[in-house]
Amino acid sequence: MNYLTVENISKSYGERVLFQNISFGINKDQKIAFVAKNGTGKTSILNIVAGLDSSDTGQISSRKGLQLAYLSQEDKLDDNSTIEEAIFSSDNPILKIIEQYENAIKIPENETAYQKAFELMELHNAWDFETQYKQILTKLKFPDLTLKIATLSGGQKKRLSLAIILINKPDLLILDEPTNHLDLEMIEWLENYFKKEKITLFMVTHDRYFLERVCNEIFELDEGILYKYKGNYSYYLEKKEERIQQEQTELGKAKNLFKKELDWMRRQPKARTTKSKSRIDDFYEIKDKAHKRRNNHTVQLEINMERLGNKILELHKISKSFDELSILNKFEYVFKRGERIGIIGKNGTGKSSFLNIITEKIPLDAGKVVIGETVKFGYYTQKGIKEKEGQKVIDIIREFGDYIPLSKGRKITASELLERFLFDRKKQYDFVEKLSGGERKRLYLCTVLIQNPNFLILDEPTNDLDVVTLNVLENFLLDFPGNLIVVSHDRYFMDKIVDSLFVFRGNAVIEHFPGNYSDFRAYEDSTPKEKTVIQKNTKPQTKATTKNKLSYNEKREFEQLEKDISRLNSERIDIESQFAEGEIQPENIAEISQNLQKIINSIEEKEERWLDLSLKLED
């Protein structure tokens, strides 16, 4: 069943042509990944397909009544709303019924409203839907629905937008980098969700394991031509290589034929027959084919790394807390020359704070960080480039000098260096603010590497980079002789370049694991864990079938306590995360600490009451 058809769309900005005459279709249950280099118009195509932008040519037609949802790089949420209001603001009729039921629970004394809401839940069989949407919110770390959207971080807003889309179950999901801002646990859950659900996807993602395990078709925009591959990422790589080899073979044949026809053209008399005129027309087509070249330029990474001495980096019983939240507790480690360590852990466990501590950007509570005299850090942070207003691409590089030193005493101009990072002469004079997200990240990577570090620290370096640039970066890092620390949720990237892991478990627990991410997952899955029995979420029992000794009001109180405890725990985690990431201003620390303690006390009080009621249930 065809959902949507794209015919001959094109997009230009002034003289810059992004793409021309692109056509494709999206059918029910297809899971399509869209692959292209940064700056070639991936996001523009998604915006056009989603109806947020217009094409210069062509048209888009969709099935009547098609429900389409788009997860873009920019959230469209109302900061004045709560999470709950944002979720229930959709036109989904089942969500309206669930909202009515949720509101009835909050007013236990109004038995009539509760009974009516309960009957509607029964009539429309909304219990399973409620269970599923609560599971989605829990997996994406939104247990407290009363929080204002204005209080959420950029990453939390992106996760909320994703949650709302998944809850509403549209016919077609259009996703722009859905794994950005998700931790590894969330990514693996989303991957499994998409694998098992009958869902139609059209998405841009750089996560190659995601491409491999979720997608059943890949579209690639290469040199302005759209190629389609019916298979996953491995199949795409194999068939793309075959295509390029075939193109090279055909190019060779065209060049030989061109030489032959060129010789014929030179020998032709001025008076030409109809037959010779036809051959002349063919000649110009052959000439175009023979002179066609692939733009095979790739990022060239090269640095003039100073040799590391015997002492690299030593962490001696380092400790760091943000009030009640402990990030490090007497942690010790001595880095050896050439070590390549990946850092994994849930959001809020202190990964970025750890990087800021070892680079001495935030102070320790106790312990000592000793940095070797020969160590020169290259620190790639999530914040990226801080350009000045009106600054051009080449201005960013010229801040480091007009000439950049390379290995073996060589040097190149700032302009030549930018060309190695795929910024042509024209692009170098574009304003930085006009670059795509991936182009900005590539430029930022350039500024980090040209400082010739011998100890690279990379905090989420793969976000927004295209697959081609990622492969080049990986190959560079594999040959990089210095030390390397990487925080990344890109499992493929981590598997390829790190030898061991720091696993941040939370509450200052850090484990050193000897192996890459896949090794770690295999180890975790094979380790016996204490099994807990989880009761399935079922609909509430009516009075006729209830076998416990709770009164009606106690049952209402019991349900409300569960919600309150969940909400308070979410508030506690959110405040602790703010302390962990250093987001709280010094003048607000005392006030927020007192608020945190009140929340903890309230949780303990409500848990005691919940336990009393649960014991009555078991009698």
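Can you tell me the order of 349-362, 473-486 when each peptide is scored by its average per-residue count of other Cβ atoms within 10 angstrom, highest first?
Listed from highest to lowest mean packing, they are 349-362, 473-486.
I'd like the Kirkwood hydrodynamic radius of the stretch 369-451, using the inverse of the mean 1/r over distinct C-alpha pairs, in Å.
On the way: mean 1/r = 0.0729 Å⁻¹.
Its Kirkwood hydrodynamic radius stands at 13.7 Å.
Which semi-axes, in whole Å and largest first, does the equivalent ellipsoid of the stretch 1-122 have when worked out from the alpha carbon gyration tensor as the square roots of 5 times its eigenvalues?
Semi-axes, largest first: 43, 18, 11 Å.
Placing unit charges on C-beta atoms (Lys and Arg positive, Asp and Glu negative, everything else neutral), compute the dipole magnitude of the stretch 77-161 about its Cα centre in debye, rounded to 20.
Details: 10 positive and 14 negative charges, 112 e Å.
Using only the charged Cβ atoms, the result is roughly 540 debye.
Using the Karplus curve 6.51 cos²θ - 1.76 cosθ + 1.60 with θ = phi - 60°, what ³J(HN,Hα) values do you get for each residue of the stretch 104-118, in whole Hz, with x for Gly and Pro?
Values, residue by residue: 5, 4, 6, 10, x, 6, 8, 5, 5, 5, 5, 4, 5, 5, 4 Hz.
Please report, in debye to the nearest 20, how large the charge dipole of the stretch 345-399 is about its Cα centre when each Lys and Arg carries +1 at its beta carbon and each Asp and Glu carries -1 there.
Working: 10 positive and 7 negative charges, 37 e Å.
Result for the stretch 345-399 is approximately 180 debye, rounded to the nearest 20.
Rounded to whole Hz and in sequence order, give me ³J(HN,Hα) for the stretch 140-147 from the Karplus expression 6.51 cos²θ - 1.76 cosθ + 1.60, θ = phi - 60°, writing x for Gly and Pro.
9, 6, 10, x, 9, 8, 8, 5
Along the charge dipole of the stretch 387-449, pointing to its positive end and built from +1/-1 on Cβ of Lys, Arg, Asp and Glu, which listed residue (421, 445, 406) has its Cα farthest out?
So the residue we want is 406.
Would you kindly find the accessible area of residue 5, with a 1.4 Å probe and non-protein molecules such as ligands, DNA and RNA excluded, rounding to the nearest 10 Å²?
Around 40 Å² of this residue is reachable by solvent.
I need the per residue convex hull volume for the stretch 130-178, using only the alpha carbons, in cubic angstrom as a whole number.
It comes to 83 Å³ per residue, whole-number rounded.
So what J values fall out for the stretch 426-431 if you push phi through Karplus, 6.51 cos²θ - 1.76 cosθ + 1.60 with θ = phi - 60°, rounded to Hz, Gly and Pro as x?
Ordered by residue, 3J(HN,Hα) equals 5, 5, 5, 9, 6, 6 Hz.
Along each of the three principal axes of the Cα atoms of the stretch 96-179, give the extent in whole Å, ordering the values from largest to smallest.
45, 31, 16
For the stretch 461-502, evaluate the Debye formula with one uniform point scatterer on each Cα (no solvent term) and list log10 I(q)/I(0) at q = 0.18, 0.30 Å⁻¹, rounded to two decimals.
With one equal scatterer per Cα and no solvent, log10 I(q)/I(0) is -0.48, -1.30.
Mind grabbing the accessible area of residue 321 for me, 1.4 Å probe, Å², rounded to tens?
Estimated to the nearest 10 Å², residue 321 gives 40 Å².
So what's the Cα pair-distance distribution over the stretch 54-104, bin width 5 Å, in %?
4, 13, 16, 18, 18, 12, 9, 6, 3, 1, 0
So who's got an amide H within less than 5 Å of the one on residue 379, skipping anything under 5 residues away but keeping other chains? H placed 1.01 Å off N, in plane.
The answer is 457.
Thinking of the stretch 305-440 as a set of Cα atoms, what percent of all their pairs are more than 19 Å apart?
65 percent
So for 571, 122, 109, what's the accessible-area order with a 1.4 Å probe, most first? Don't skip to the answer; put the middle values down first.
On the way: 571 45, 122 75, 109 140 Å².
Ranking 571, 122, 109 by accessible area, largest first, yields 109, 122, 571.
Counting only heavy atoms of the protein chains, get the accessible area per residue of the stretch 50-196 (1.4 Å probe) and round it to a whole Å² value. Each step should come with its number before you reach the end.
Details: 6950 Å² over 147 residues.
Per-residue value: 47 Å².
List, in the order given, every pair from 42/96; 31/139; 37/388 whose Cα-Cα distance in the structure shown is over 28 Å.
Too far apart for the 28 Å limit: 42/96.
Please state, to two decimals, what the Cα-based radius of gyration of the stretch 475-526 comes to when divided by 2.2 N^0.38 Å (N = residues).
So the Cα radius of gyration is 1.20 times the expected 2.2 N^0.38 Å.
Can you sort 10, 593, 61 by solvent-accessible area, 1.4 Å probe, largest first?
Heavy-atom accessible area, descending, gives 61, 593, 10.
The values are calculated or read from the model by the stated rules, or taken from the named source; none is laboratory data. These numbers were taken from a predicted model, which means no experiment stands behind them. Note: ideal-geometry Cβ built from the backbone for every residue, glycine included; neighbour counts use all protein chains shown. These area figures cover heavy atoms from the full protein model, side chains too; ligands, DNA and RNA do not enter into them. Shrake-Rupley method; radii C 1.70, N 1.55, O 1.52, S 1.80 Å.
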